[in-house]
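Colleague: Below you will find the structure I want to go over with you.
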Amino acid sequence: MKKLIEDVTCAGCYCACDDIQVTIDGQQILEVQTTCSQGQAWFERAGETDQLVPRIQGKPVSQAAAIKQAVELIQQAQAPLVTGLSQSSTAAQRAAVALADQIGAVIDTGASAGTRALQQVGEATCTLGEVRSRADLIIYWGAADLLANARHRQTLETDSPEMTRKIIAIGEESARATDHADEFIAVEPQREIEVIWQLRSLLKGIALAGNEPVGITESQLQSLASQLKQSQYIVFFTGPEFKQGPLSHRKLEALSLLIREIQRERRCHSISVPASGETKGAEHVLAWQTGDAAAVNFAAGFPCYSPAEYQASRLLEQSEVDLCILTGGNPLAGLSAQALGNLKSVPSIVIGSTLPQDFQPEVFLPTGITGIQFPGSMYRYDGTPLPLRGFLPTVQNSEADVLKQISNSL
Ligand code: SF4
């Protein structure tokens with residue numbers, strides 16, 4: 001019998017759209033409405049999870065044998081790394097942190113740059129609901145993909161006739177795309193910190209001392225400063241391109257200082273858009289448990305935080321890992337090419353609802369999908385926790401349960 005389930009949350013990406021309509025027959029999904037193609041693919045994965053079997057070196061084995069092998073690998077490891085965690089439920093992220101703690105591993109959520117900036121100057125943020133209802137100036141800085149996402153734009157649509165809103169896209173010249181923005185401002189990526197400091201000067205009424213602006217044309221700098229002065233509720237979406245480079249935490253710090261100064265007179269916030277491999281949500285869970293949101297090492301028996309040292313990519317690039325435990329829907333995202341190359345030479349355990357392409361771990365432990373086959377919760381990228389529904393049966397365990405099975409077998 002057909003059944004329509006409304007207001008389902010899609011965990012296909014960090015947007016976590018929670019207005020999806022799914023029609024099921026009790027055993028499988030018949031139709032998914034109001035989702036994008038990426039979300040459609042995420043829901044379609046539910047039809048494949050029951051065919052997955054545990055594997056050791058690619059050969060099918062029982063769940064007990066795969067758990068036993070995973071436990072043996074963990075017991076032999078001196079420097080294990082836990083990473084991935086994207087599209088994972090809060091419960092699974094919590095179980096991954098507990099396992100890392102138990103085995104003395106490094107765990108990384110990929111959010112090091114944002115965390116470093118946050119610790120220095122703090123962050124003024126808001127929810128998407130506030131952006132929709134109040135923002136009269138939205139600035140997408142290095143966030144072209146988010147601006148191009150139709151589901152995101154729908155989320156911010158307001159039906160208030162009094163609301164006037166300006167949308168500005170900022171990025172490097174090659175990312176120029178004004179289809180969905182009222183204005184595009186080209187900024188040289190390596191000059192973004194200077195551009196922010198020049199804006200801070202202009203907003204304080206300090207002239208640039210006869211110097212030409214750097215990284216941006218004078219007319220665009222003046223126009224941006226004037227729009228920041230005129231607007232009452234400003235939101236910056238800082239995207240992956242804004243957070244690139246070794247000094248990305250300094251850029252985030254500079255922007256946070258600018259926002260703090262604007263906040264003295266008007267409302268101004270920023271929302272960080274996760275880069276590939278940055279797991280929005282896991283950093284909250286890691287912060288509850290350890291006090292730090294990324295790059296935590298439990299080897300000493302207590303959590304040690306060092307964002308430059310314990311980044312997953314860096315550890316793999318430097319061959320400082322002898323076992324990698326990868327969890328979540330897309331565990332290899334965000335790893336550099338060198339890290340991926342080195343990953344193939346260390347034993348690995350993959351726990352998830354899909355096996356990454358062109359990668360054979362020592363142990364694969366399949367799971368069902370939380371949000372389709374198991375209930376739970378996840379964080380949207382604006383920090384809002386959302387419920388996940390479980391409406392289809394599966395023969396698989398949840399990701400959290402598999403992680404707990406390993407913990408209990410150690
Ligand atoms: S934009 Fe929305 S529907 Fe599309 S994958 Fe992301 S969460 Fe799912």
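The values are calculated or read from the model by the stated rules, or taken from the named source; none is laboratory data. Bear in mind the structure is a predicted one, so any value in this text is a computation, not a measurement. Because the Cβ atoms are built from the backbone with ideal geometry, glycine has one as well, and the counts that use them run over all protein chains shown. When the accessible area is computed, the model is the full protein with side chains, heavy atoms only, and any ligands, DNA or RNA have been set aside. Shrake-Rupley method; radii C 1.70, N 1.55, O 1.52, S 1.80 Å.
Colleague: Mind checking whether some residue in the stretch 46-67 is within 16 Å of the ligand (Cβ to nearest atom), crowded, with 16+ Cβ neighbours inside 10 Å and not charged (D, E, K, R)? Spell out how you get there, then give the answer.
Modeller: Initially, the stretch 46-67 is screened for residues within 16 Å of the ligand (Cβ to nearest atom), giving 46.
Imposing the further condition that a residue be crowded, with 16+ Cβ neighbours inside 10 Å reduces the set to 46.
Of the ones still in play, those that are also not charged (D, E, K, R) are 46.
Among the residues of the stretch 46-67, at least one is within 16 Å of the ligand (Cβ to nearest atom), crowded, with 16+ Cβ neighbours inside 10 Å and not charged (D, E, K, R), which makes the answer yes.
Colleague: For a quick check of your reading of the model, give me the residue pairs whose first member lies in the stretch 4-23 and is assigned by TED's automatic domain parsing to the domain that holds ALA150 and of a type in the set (S, T, N, Q), whose second is open to solvent by less than 10 Å² (accessible area, probe 1.4 Å) and within 11 Å of the ligand (Cβ to nearest atom), with beta-carbon atoms closer than 6 Å and at least 6 apart or on different chains.
Modeller: Partner pairs satisfying both residue conditions: none exist.
Colleague: Can I ask one more? What number of residues in the stretch 339-353 are out of contact with any Leu (no Cβ under 8 Å at 6 or more places or on another chain) and either hydrophobic (A, V, I, L, M, F, W, C) or in a loop (DSSP other than H, G, I, E, B) (or both)? Working first, answer last.
Modeller: Kept after step one, since they are out of contact with any Leu (no Cβ under 8 Å at 6 or more places or on another chain), are these residues of the stretch 339-353: 341, 344-345.
If we keep only those that are either hydrophobic (A, V, I, L, M, F, W, C) or in a loop (DSSP other than H, G, I, E, B) (or both) as well, we get 344-345.
Looking only at that region, the number is 2.
Colleague: For ARG191, indicate whether it is open to solvent by 50 Å² or more (accessible area, probe 1.4 Å) and in contact with a Phe, Trp or Tyr (Cβ under 9 Å, 6 or more places away or on another chain).
Modeller: Details: open to solvent by 50 Å² or more (accessible area, probe 1.4 Å): yes; in contact with a Phe, Trp or Tyr (Cβ under 9 Å, 6 or more places away or on another chain): no.
No: the conditions fail for ARG191.
Colleague: Would you say ALA70 is surrounded by 22 or more Cβ atoms within 10 Å (Cβ to Cβ), outside any loop (DSSP other than H, G, I, E, B) and away from the ligand (no atom under 16 Å from the Cβ)?
Modeller: Working: surrounded by 22 or more Cβ atoms within 10 Å (Cβ to Cβ): yes; outside any loop (DSSP other than H, G, I, E, B): yes; away from the ligand (no atom under 16 Å from the Cβ): yes.
Against the criterion (surrounded by 22 or more Cβ atoms within 10 Å (Cβ to Cβ), outside any loop (DSSP other than H, G, I, E, B) and away from the ligand (no atom under 16 Å from the Cβ)), ALA70 qualifies.
Colleague: While we're here: For the stretch 2-11, give me the residue count where each residue is open to solvent by less than 10 Å² (accessible area, probe 1.4 Å), over 19 Å from ALA282 (Cα atoms) and not aliphatic (A, V, I, L, M).
Modeller: Qualifying residue count for the region: 0.
Colleague: Continuing with this model, one more query. Collect the residues in the stretch 30-41 that are over 23 Å from SER86 (Cα atoms) and in contact (Cβ under 8 Å) with a residue 12 or more places away in the chain, keeping them in residue-number order. Can you show your working first?
Modeller: Of the stretch 30-41, the ones over 23 Å from SER86 (Cα atoms) are 30-31, 33.
Within the stretch 30-41, LEU30, GLN33 meet the criteria.
Colleague: Go over the candidates ALA143, ALA150 one by one and state the one that is surrounded by fewer than 13 Cβ atoms within 10 Å (Cβ to Cβ), modelled with pLDDT of 90 or more, more than 17 Å from SER219 (Cα to Cα) and aliphatic (A, V, I, L, M). Full working, then the answer.
Modeller: Numbers: ALA143 fails: surrounded by fewer than 13 Cβ atoms within 10 Å (Cβ to Cβ).
The conditions single out ALA150.
Colleague: Right, next: Does the stretch 12-34 contain any residue that is small (Gly, Ala, Ser) and open to solvent by 60 Å² or more (accessible area, probe 1.4 Å)? Explain how you work it out, then say what you get.
Modeller: Filtering the stretch 12-34 for residues small (Gly, Ala, Ser) gives 12, 16, 26.
Now restrict to residues that are open to solvent by 60 Å² or more (accessible area, probe 1.4 Å): none.
Within the stretch 12-34 (the criterion being small (Gly, Ala, Ser) and open to solvent by 60 Å² or more (accessible area, probe 1.4 Å)), the answer is no, since none of the residues qualifies.
Colleague: Take the conditions at pLDDT below 90, within 30 Å of GLY301 (Cα to Cα) and not assigned by TED's automatic domain parsing to the domain that holds GLN102 and apply them to HIS284. Does it pass? Walk me through how you get there before you give the answer.
Modeller: On the way: at pLDDT below 90: yes; within 30 Å of GLY301 (Cα to Cα): yes; not assigned by TED's automatic domain parsing to the domain that holds GLN102: no.
Taking the combined requirement at face value, the residue does not satisfy it.
Colleague: Kindly establish whether LEU99 is in contact with a helix residue (DSSP H, G or I) (Cβ under 7 Å, 6 or more places away or on another chain), more than 16 Å from the ligand (Cβ to nearest atom) and not assigned by TED's automatic domain parsing to the domain that holds ALA293. Steps first, answer last, please.
Modeller: Details: in contact with a helix residue (DSSP H, G or I) (Cβ under 7 Å, 6 or more places away or on another chain): yes; more than 16 Å from the ligand (Cβ to nearest atom): yes; not assigned by TED's automatic domain parsing to the domain that holds ALA293: no.
In short, no.
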